[in-house]
1. Given a Förster distance of 22 angstrom, what is the FRET efficiency for residue 70 paired with residue 134, based on the Cβ-Cβ distance and rounded to 0.05?
2. Distance between the C-alpha centers of the stretch 137-207 and the stretch 73-106? Whole Å please.
3. Along the charge dipole of the stretch 132-175, which of 134, 168, 151 sits closest to the positive end, that is, farthest toward it, with unit charges on the beta carbon of Lys, Arg, Asp and Glu (+1, +1, -1, -1)?
4. Would you please classify the overall shape of the chain from the alpha carbon gyration tensor, given that a ≥ b ≥ c denote the square roots of the eigenvalues, rounded means a/c under 1.5, and beyond that prolate means a/b larger than b/c while oblate covers the rest?
5. Compute the FRET efficiency between residue 119 and residue 29 as 1/(1 + (r/R0)^6), taking r as their Cβ-Cβ distance and R0 = 30 Å, and round to the nearest 0.05.
6. How big is the dipole moment of the chain about its Cα centre under a simple scheme where the beta carbon of each Lys and Arg is +1, that of each Asp and Glu is -1, and everything else is neutral? Debye, nearest 20, please.
7. Can you work out ³J(HN,Hα) from phi for every residue in the stretch 80-96, in order, using Karplus 6.51 cos²θ - 1.76 cosθ + 1.60 and θ = phi - 60°, giving whole Hz and x for Gly and Pro?
8. Over all directions, what mean area does the Cα convex hull of the stretch 1-50 project, stated in square nanometres?
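No lab work stands behind these numbers, since they all come straight from the coordinates. In this text the structure is predicted, and so the values were computed from the model without any measurement. Note that each Cβ is placed from the backbone with ideal geometry, even for glycine, and that neighbours are counted across all protein chains shown.
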Amino acid sequence: MIDPPFFTVSTPEGFYELQLAAHSKDPNAMKAFVAGHLEFAPFAEWAKTAPWTASYAEETYNSLNSFIFVSASGAEHAVRWSLLPQAQVVPITQEDLAMLGPNHLAQEIAERVAKAPQRWTMVVTVADPGDPTADPSTAWPPGRRALEVGALVVQRIEGERNGPCREINFDPTIVPNGVHVSDDPFPAARSAAYARSYDLRTSELKYYPYHSEAAGGGER
Ligand code: HEM
């Protein structure tokens with residue numbers, strides 16, 4: 001889940017082109033990309049104007065990708081989900097946020113959670129027939145059925161260096177019973193990219209001195 005309300009592009013191929021343009025030495029590459037991907041404009045506008053906060057705890061996170069929830073009777077519903085912060089949201093300008101320094105968000109969430117668990121309400125939004133499920137760059141119109149289904153409670157933060165997250169592949173196609181992927185092509189594309197990333201991360205033993213055989217095994 002990420003905090004934009006819609007994704008940058010409408011297809012995995014478009015996302016690949018965005019990576020090429022963003023890393024190109026050609027000064028016109030981004031301009032050409034934007035001209036060929038009209039769906040990028042709302043994202044660019046959001047990135048310029050969104051109300052920022054100075055804490056991960058104050059942000060909303062969105063699945064953006066659509067999944068299918070299957071009811072006990074076998075009925076299928078296309079859904080997207082979001083986590084809405086229970087913490088009070090304090091807006092901050094992008095300039096003021098930048099002045100807090102590059103590690104502010106990681107430090108702040110660790111301090112905040114050390115003081116008290118942080119909570120988000122999980123809301124599942126159900127598509128109306130005809131809503132686009134295969135395009136995460138398009139938000140569904142307002143007024144869709146939205147259900148509060150639970151809460152995420154973060155009680156502890158662990159650093160990447162000596163925490164267990166290195167061994168987790170955050171593959172969005174691994175879903176519990178009663179949930180499956182929809183016609184949204186992104187989860188499959190993400191699955192392939194995350195597997196490659198996982199392989200690379202798990203081969204970096206030397207950067208994980210407290211959590212690797214290289215360090216003589218397993219102090220956690
Ligand atoms: C709906 C769109 C997407 C969402 C919500 C999303 C969300 C996320 C999240 C939450 C993470 C974990 C970040 C962290 O560990 O701090 C992540 C990692 C990553 N994402 Fe995405 N992502 C999306 C699209 C994509 C696409 C289209 C690609 C490429 C095809 C991609 C490639 C990656 C890679 C390579 C990682 C690192 C994986 C790892 O090492 O575990 N993501 N993404």
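1. Approximately 0.75, to the nearest 0.05.
2. 15 Å
3. Of the candidates, 151 comes out farthest on the positive side.
4. Taking the square roots of the gyration eigenvalues as a ≥ b ≥ c, the chain is rounded.
5. Efficiency, from the Cβ-Cβ distance: 0.10.
6. 380 debye
7. Taking θ as phi minus 60°, the curve returns 10, 9, 9, 10, 9, x, 8, 5, 5, 8, 10, x, 9, 6, 4, 5, 5 Hz for the stretch 80-96.
8. So the Cα hull casts an average projection of 3.7 nm².
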